[in-house]
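Undergrad: Structure provided below as structure tokens; questions to follow.
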Amino acid sequence: MSEQRVKISGVGGYLPARRVSNDELAQTLDTSDEWIVSHTGIRARHIMAADESGTDMAEQAARAALARAGVSPADLGLIVVATTTADYGGFPSNACLLQARLGAPAAAAFDLGAACTGFVYALEVARGLMLCGSGRPALVVGAEAMSRLVDWTDRNTCVLFGDGAGAAVLEVTTEPDRGILGSYLRADGTGSGFLWAGGGLRVPPPNPEPRQAHMQGRPVFNFAVKAMAEVVLHFLETLQIAPEEVRYVVPHQANIRILQAAQKRLPIAPDRFVVTIDEVANTSAASIPLALAELDRQGRLAPGDVVLTTGFGAGLTYGGNAIRW
Ligand code: ACO
């Protein structure tokens, strides 16, 4: 009997309509297009409308991915939403809200929080559940409302982020040589203080921390370069993939200089690295599925392509997925 694998059968993305350029930010913040582009590679980000939510964005991306896969919501057995900016501070999860919107009564639904590595983690969790579960298709979404989490007066952080959602439909397959070949999930909790957002229940009232992102840029930068390279090297070694076989490396889009520094540590040509950060900025858990959806939209993904995702995020978390498209 052929080995069962889980393949990605459709991807979709959604960016809010409002595009905010660096020049627009510089009208109210002590920054400049020159500084932001030279330090990060970011030229613009998309920001949600006041009445828009993370679930609204997830729904748009999910509908696009389901249509691309030709899968009906009624057939889904699982919905996982990777997010750390859910609509509600506690519950219900965005995944349950999405399940109701889509009409997917057979789907288990939960959110997964691994910050910017969330989609990478969620893909592997869904894969594991599918292979030992009902075999129904699954929907994995990365959706983040980062504009609601940043302090818009802090130039150190606010210029870096954007909103968006990306989604993937997964199906069990017995097609030879197709599907998720493996994943690599890691964390280093000793770095938790480098990147955090308050607003939880750790400090009890009357002194709650505001729900805002805080970051020490340098240590995160250094961690990210090492972590992203480690993930890719892991796949090359353990799966015996030759560097020239890799069609795309799809990295978490946090900073162009992080991507370039990671690439220099790897035997893979720079043109294999997918870069979308200039127009979307850092959309956290949405960044990798958004990049996959953009590749697909441009017709650049073909069956058999080897795609390696690699990401890092608060936690600190990191990891990746090796996929034969
Ligand atoms: N505009 C103008 N000046 C700025 C801005 C800005 N938007 N932001 C910071 N600066 C200033 C700083 O105040 C500092 O000024 P000072 O020297 O007078 O104190 C100066 O620029 C240089 O600051 P550095 O920290 O040395 O700049 P660096 O080259 O490290 O770039 C950056 C900063 C872009 C944040 C970088 O460290 C970085 O990308 N780190 C990783 C960020 C990241 O990926 N975070 C993860 C995000 S969340 C996630 O993915 C889970």
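Undergrad: Enumerate by residue number the trypsin sites (Lys or Arg not before Pro) in region 254-324 meeting two conditions: DSSP loop (anything except H, G, I, E, B), and at most 16 other Cβ atoms within 10 Å of the site's Cβ.
TA: Working: sites: Arg257, Lys264, Arg265, Arg272, Arg297, Arg300, Arg324; in loops: Arg265, Arg300.
Counting only loop positions with at most 16 other Cβ atoms within 10 Å, the trypsin sites (Lys or Arg not before Pro) in region 254-324 are Arg265, Arg300.
Undergrad: In addition: If you count the DSSP beta bridges with both ends in the chain, what percent of them are antiparallel, to the nearest 5? Provide the component values of the computation, followed by the final result.
TA: On the way: 37 of 54 bridges.
Around 70 percent antiparallel, to the nearest 5.
Undergrad: Sticking with this structure for a sec: Where does region 179-324 land on Rg/Rh, using Cα atoms and the Kirkwood Rh?
TA: 1.02
Undergrad: Ok, one more. Can you tell me the FRET efficiency between Val203 and Gln298 if r is taken as the Cβ-Cβ distance and R0 is 45 Å, rounded to the nearest 0.05?
TA: That gives a FRET efficiency of 0.45.
Undergrad: Counting only C-alpha contacts under 8 Å and six or more residues apart, can you give the relative contact order of the chain as a whole percent? Numbers along the way, then the final one.
TA: Details: 789 pairs, mean separation 83.2, N = 325.
In percent, rounded to a whole number, it is 26.
Undergrad: Read phi for every residue in region 57-67 and hand back ³J(HN,Hα) as whole Hz from Karplus 6.51 cos²θ - 1.76 cosθ + 1.60, θ = phi - 60°, with x for Gly and Pro.
TA: 5, 4, 5, 4, 5, 5, 5, 5, 5, 5, 5
Undergrad: Once the other residues with Cβ under 15 Å from the Cβ of Val280 are scored (Lys, Arg +1; Asp, Glu -1), what is the net sum? Before the final figure, lay out the partial values.
TA: Values: positive: Arg18, Arg19, Arg43, Arg45, Arg297; negative: Glu144, Asp163, Asp278, Glu279, Glu294.
Counting the neighbours of Val280, the net charge comes to 0.
Undergrad: Highest GNM mean-square fluctuation, the chain, Cα pairs closer than 10 Å: which of Phe91, Phe223, Phe161?
TA: Phe91
Undergrad: Out of all Cα-Cα pairs in the chain, roughly what percent, to the nearest whole number, are more than 37 Å apart? Intermediate values should be presented prior to the final figure.
TA: On the way: 5938 of 52650 pairs.
It works out to 11 percent of all Cα pairs.
Undergrad: In what sequence, highest mean first, do 302-311, 5-14 appear when ranked by Cβ atoms within 10 angstrom?
TA: 5-14, 302-311
Undergrad: Return the FRET efficiency for the residue pair Leu233, Trp35: r is the Cβ-Cβ distance, R0 is 41 Å, and the value is rounded to the nearest 0.05.
TA: E between Leu233 and Trp35, to the nearest 0.05, is 0.80.
Undergrad: Just to confirm a number: summing +1 for Lys and Arg and -1 for Asp and Glu over residues other than Ile42 whose beta-carbon lies under 14 angstrom from that of Ile42, what do you get? Could you put the intermediate results ahead of the total?
TA: Working: positive: Arg19, Arg43, Arg45, Arg155, Arg257; negative: Asp23, Glu24, Asp33, Glu34, Asp163, Asp278, Glu279.
Result for the neighbourhood of Ile42: -2.
Undergrad: Continuing with this model, one more query. Can you give the local net charge around Thr83? Use residues other than it whose beta-carbon is closer than 11 angstrom to its beta-carbon, Lys and Arg +1, Asp and Glu -1.
TA: -3
Undergrad: Still on this model: With a cut-off of 20 Å, note down the residues of region 212-250 whose backbone N falls inside the zone around a label point 7 Å from the Cα of Asp271 toward its beta carbon.
TA: The answer is 242-250.
Undergrad: Here's another thing I want to ask about it. Round to a whole angstrom and tell me the spacing of the C-alpha centers of region 212-261 and region 291-314.
TA: 14 Å
Undergrad: In a GNM of the chain with a 10 Å cut-off on Cα contacts, which of Trp196, Trp35, Trp152 has the highest mean-square fluctuation?
TA: Trp35
Undergrad: Here's a follow-up. According to a simple spin-label model (label point 7 Å from Cα along Cα-to-Cβ), what is the distance in nm between Arg257 and Asp151?
TA: 2.2 nm
Undergrad: Dividing the alpha-carbon Rg of region 5-173 by 2.2 N^0.38 Å yields what? Before the final figure, lay out the partial values.
TA: Values: Rg = 17.1 Å, N = 169, 2.2 N^0.38 = 15.5 Å.
Region 5-173 yields a ratio of 1.11.
Undergrad: Given a Förster distance of 22 angstrom, what is the FRET efficiency for Gln4 paired with Asp177, based on the Cβ-Cβ distance and rounded to 0.05?
TA: Values: r = 13 Å, r/R0 = 0.60.
With R0 = 22 Å, the Cβ-Cβ based efficiency is 0.95.
Laboratory data are not the source of any read-out in this text; all were calculated from the coordinates shown. Nothing here was measured: the structure is a model prediction, and the numbers come from that model. Quick reminder, even Gly has a Cβ in these numbers, built from the backbone with ideal geometry, and neighbours come from all protein chains shown.
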